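This report concerns only the one structure given below.
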Amino acid sequence: QVQLVESGGGLVQPGGSLRLSCAASGSIFNINVMGWYRQAPGKQRELVATIDKSGSSNYADSVKGRFTISRDNVKSTVYLQMNSLKPEDTAVYYCNAKKQFTQYWGQGTQVTVSS
C-alpha cells in the first residue's frame, strides 16, 4: 500500500500563489507517475498535471504557463506550484500515484481562490 499525504492548500486571492506538497510513504517502490487532479463542486475530477520518474511532465491546458509540477524522487514527494490563481481554480486537489497496475489517491486538500 502507498499512503499519500497532501498539504499546502488554503484560501488565496485571485492572482496569488500556493504550493501544494504530496509525500508518499509505504510501498513506494515502482511508483512511476505522480500527479495532481482536482474536483470542483458539481464537476468531475480532472487532471491538473502529472510527472514521471524521468521528470517528463504533462499539464491540462487550463493551467499551462501558470502551474508547475516537480518531483523529488529521494523524498518521494511531488509538488505543485500554482501561480496567477483564478477563481475557477477553486477545487479539492488530490495527489495521485501510479504503479503499473494500481493507483493510489490522497485525501485531498482544499484550494479556494476568492477575494
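Laboratory data are not the source of any read-out in this text; all were calculated from the coordinates shown. Just so it is clear, the model here is predicted, and its values are computed rather than measured. As a convention, Cβ positions derive from the backbone with ideal geometry for all residues, glycine included, and neighbour counts pool all protein chains shown.
The radius of gyration of the Cα set in the range 5-59, together with its Dmax, comes out at 13.5, 38 angstrom. Is the range 46-109 rounded, prolate or oblate when judged by the Cα gyration tensor, a ≥ b ≥ c being the square roots of its eigenvalues, rounded requiring a/c under 1.5 and prolate requiring a/b larger than b/c? Here the range 46-109 falls in the prolate category. For the range 30-115, the set of trypsin sites (Lys or Arg not before Pro) satisfying both a DSSP loop assignment and a count of at most 12 other C-beta atoms within 10 Å is given as K43, K53, K64, K75. Using the Cβ atoms and a cut-off under 11 Å, what net charge is assigned to the surroundings of D89, where Lys and Arg are +1 and Asp and Glu are -1? The answer is +2. With the biggest extent put first, the Cα atoms of the chain measure 42, 25, 22 Å across the principal axes. Checking the cross-link pairs K53/K75; K64/K99; K43/K75 against a 22 Å limit on the alpha carbon distance flags K64/K99; K43/K75 as lying beyond it. Extending 7 Å from the Cα toward the beta-carbon at both K75 and S25 defines two label points whose distance is 1.5 nm.
The chymotrypsin sites (Phe, Trp or Tyr not before Pro) found in the range 1-105 that occupy coil by DSSP, while having at most 16 further C-beta atoms within 10 Å, are F29, F101.
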